[in-house]
Amino acid sequence: MQLKLSLFLCLFLLNISFFYSQKVGIISDINSKMGYVVFKGKIFTEKPIFEKDINYDLIEFLHQYYTDKNISSKNINPIGVAFNGVFSKEIERFRHVCKENNLDQLLIISKNKSYTSNDPMLIYNSLNHELGIEAYVKTKTRAIMYGNFRIYLYNLADHTIKDVVSNVYIPHRFKSPLFDDKNYDLINDEVKKLFADDLEKLVTRKMDKFYSK
């Protein structure tokens, strides 16, 4: 009985040690700060007329996510990495980045760089933010959380890359107007918190699929 207990404790501690030893590098080519933008015009031809930073950073949340999982994470900016799709040459580059930086995994946040002529995400291409809240002059109580990016996870152990989060598109309607008519500033405090919570729940749910196995 004592031997079995000792063996169980040994295996348990080894598993904990392995889990705690995981190291993740975060690579990003997006503006990870949330933006707020107001569009004006007819549907599908709307143009941004106001844009500003909001005090929220996606990468800060991702670091907190990993901290909660007892996984070490850090931002890295390796030379020569430009993620444009799941191609063997780039995946091989990720292997070298992991080995060079003593990492087990890479979390890659990549801006959507290719659009078709009728792609609704095309309206975000000229903005300063790849992540944000969009409002509309014609519908002052409606807003959308947009995310013009994808998140991928590369795992060194099996040399695979997985699509974790695709483009984010979360609509909401509110009882009161979102912005001031004169200067377009966001005046509805509920908006930012709601969308930040929505985004974190979405990312957490997607990420947990890879870390709960």
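The values are calculated or read from the model by the stated rules, or taken from the named source; none is laboratory data. Because the structure is predicted, anything quoted here is derived from the model rather than measured. Backbone-built Cβ (ideal geometry, glycine too); neighbour counts: all protein chains shown. Only protein heavy atoms, including side chains, enter the accessible area calculation; ligands, DNA and RNA are left aside. Shrake-Rupley method; radii C 1.70, N 1.55, O 1.52, S 1.80 Å.
Quick notes
- In units of the rule-of-thumb radius 2.2 N^0.38 Å, region 45-187 shows an alpha carbon radius of gyration of 1.26.
- Carbon plus sulfur fraction of accessible area for region 81-213, probe 1.4 Å, in percent: 50
- Ranked by how many other beta carbons lie within 10 Å on average, peptides 163-171, 143-151, 26-34, 204-212 from highest: 143-151, 26-34, 163-171, 204-212
- Given their separation in residues at 0.36 nm each and the Cα-Cα distance between them, Lys175 and Phe61 gain 38.2 nm when the chain is fully extended.
- Value of relative contact order over region 108-192, rounded to a whole percent, pairs C-alpha under 8 Å and six or more apart: 25
- Two-site label geometry, Glu190 and Asp68: point separation in nm, points 7 Å out along Cα→Cβ: 2.4
- Within a straight-line Cα-Cα reach of under 27 Å, Lys99 can be paired with the following lysines, leaving aside sequence neighbours fewer than 8 residues apart in one chain: Lys23, Lys69, Lys74, Lys89, Lys111, Lys162, Lys206, Lys209, Lys213.
- Modelled label positions at Asp53 and Asn102, each set 7 Å beyond Cα in the direction of Cβ, lie 3.2 nm from each other.
- Residues of region 136-164 falling in the label zone of Asp119, defined by backbone nitrogen less than 18 Å from a point 7 Å along Cα to beta-carbon, are 146-152, 163-164.
- Plainly put, region 27-76 has a radius of gyration that is 1.20 times its Kirkwood radius, both from alpha-carbon atoms, as the Rg/Rh ratio.
- As an equivalent ellipsoid, region 151-200 spans semi-axes of 37, 10, 9 angstrom, where each value is the square root of five times an eigenvalue of the C-alpha gyration tensor, largest first.
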